[in-house]
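The values are calculated or read from the model by the stated rules, or taken from the named source; none is laboratory data. Values in this document were obtained by computation on a predicted structure and should not be read as measured data. Here Cβ is always computed from backbone atoms with ideal geometry, including for glycine, and neighbour counts include all displayed protein chains. Surface accessibility is based on the protein's heavy atoms, side chains included, excluding ligands, DNA and RNA. Shrake-Rupley method; radii C 1.70, N 1.55, O 1.52, S 1.80 Å.
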Amino acid sequence: MKPISTSTFTFSDLIEEGFVYVDKTAHVHRIAATGKGQYFLARPRRFGKSLLVSTLKALFEARRELFQGLAIDSLPWDWTAIPVLHLDMGSAQARDADELRVRLFEMMRRLCADLGEPEPSPKPAEDVFLDLCRAAAAKSPTGKIAILIDEYDKPLLGLLGRPEVSGVKSVLKAFYSVVKTTEPLQRFVLVTGVSKFSKVSIFSDLNNLTDLTMDARAADLLGYTHEEVLANFPEHLDALAATLGTTRDEAFARLVQWYDGYRFEENAAPVFN
C-alpha cells in the first residue's frame, strides 16, 4: 500500500515522496485553463485548501514532471512558467495591528528573496506587495502573474470579539487592496479561507472575484467523493475491514458514517472531509 499522509500539504512532497494522491488535476484544469480567472473559495478546516494552493503553484511554475500520469498532463495546458506570489496568511497571525504590519513586511521580504528581487526598503507591506507584483510581471514571459492567498482570514479569526480586530482589519484592507490594483497584471488569482468577511476590502473592493464556495465547478474540487475513496484506497479499505473483522462494504459504510456529510452544490455528489 502507498502510505497516506495527513500532515503533508505540499503537492511536490506528496508526489516525490510517494504518498497517495487523489488526482484532482482535471478539476483544477476546469477552473485554471479558461484564460484569466479570479476566484474565492471557502471550505472548512482540513479540507485540502493548502494542498490545492500548492498544486496551483506547481502548475503555474510549469513543474510538469510532477504532473506526469495525472489527468492534466493529457489536457490542453500552456506549460509556460510565470511568477507565482504565494501568500500563506496562516503565518501572519498577530496580537494587534502593529505586529501584523511587521509580519506582513517579513512575508514580503521572504517573497522578494524567493522571486529574486532586491531586499525591500522599510515601508508599508502593501507598498512592497505592489512593487513586487509589478516587478514580477515585468519579468514574466507572458507579462502576467499568479497570486495565491491561502487562509486570508487567519489573522482575523483569532481576534474576533476583541478590540484589536478593528486595527487588524484596517491593515488587511490596505494589504489586500493590492490584488484589485494589480488586476491587469494577473493571469490567475485564488483566495482561500474558512469564512467570508464582507467588510474586509477583499470582498467589498474585489467584487470581480468569482465565489466558488457553492459553485458546481468546485463542488468536488476538494474533499473525496465516494467513488474516489473506493478507487484510490482499495488496499486500505481491505486492511480496515480486516482490522474491524468485517467486509470492505461495511468498513466503507463506517467511513461514510463518520466522515461524510458535505455537499457544496445542491446537485453535486457528497464528499468526505
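When the P(r) is computed for the stretch 1-80, the part past 21 Å accounts for 27% of the Cα-Cα pairs. Dipole magnitude for the chain: computed about the Cα centre from +1 point charges on Lys and Arg Cβ and -1 point charges on Asp and Glu Cβ, it is near 720 debye. Entry note: the chain has Rg to Rh equal to 0.99, where both radii use alpha-carbon atoms and Rh is the Kirkwood radius. From largest to smallest, the equivalent ellipsoid semi-axes obtained for the stretch 1-140 from the alpha-carbon gyration tensor read 29, 20, 14 Å. Accessible surface for the stretch 119-273, divided over its residues, is 48 Å² per residue with a 1.4 Å probe.
Proximity of backbone amide H atoms, modeled 1.01 Å from N, is registered between residue 86 and 148 at under 5 Å, excluding neighbours fewer than 5 places apart on the same chain. Among 56, 38, 26, flag the residue with its Cα farthest along the positive direction of the charge dipole of the stretch 1-78, charges on Cβ as +1 for Lys/Arg and -1 for Asp/Glu. Positive-end residue among those listed: 38.
The alpha carbon centroids of the stretch 131-199 and the stretch 244-273 are separated by 35 Å. Between the amide H of residue 225 and those of 272, distances stay under 5 Å, these residues lying 5 or more places away or on another chain, with hydrogens modeled in the peptide plane.
Dipole magnitude for the stretch 72-174: about 240 debye, using +1 per Lys or Arg Cβ and -1 per Asp or Glu Cβ, origin at the Cα centre. Here residue 96 sits with roughly 60 square angstrom of accessible surface, probe radius 1.4 Å.
Shown here for the stretch 43-92: chymotrypsin sites (Phe, Trp or Tyr not before Pro) in loop regions (DSSP other than H, G, I, E, B) with at most 13 other Cβ atoms within 10 Å, namely 79. For the chain, the longest piece that avoids every one of the trypsin sites (Lys or Arg not before Pro) found in DSSP loops with at most 13 other C-beta atoms within 10 Å covers 96-198. Spread over its residues, the convex hull of the C-alpha atoms of the stretch 162-262 is 166 Å³ per residue. A simple spin-label model places pseudo-atoms 7 Å from Cα toward Cβ; at residue 263 and residue 63 they are separated by 3.7 nm. Rg over Rh for the stretch 134-187 works out to 1.13, using Cα positions for both radii and the Kirkwood form for Rh. Considering only 25, 243, 213, the Gaussian network model of the chain with Cα springs below 10 Å gives its largest mean-square fluctuation to 243. Each stretch of four or more DSSP H residues adds -39500 (n - 2.57); spread over every residue of the chain, this sum gives -12500 deg cm²/dmol at 222 nm.
Only protein atoms count toward the accessible area here, which uses a 1.4 Å probe; on the stretch 49-206, the carbon and sulfur part of that area reaches 51 percent.
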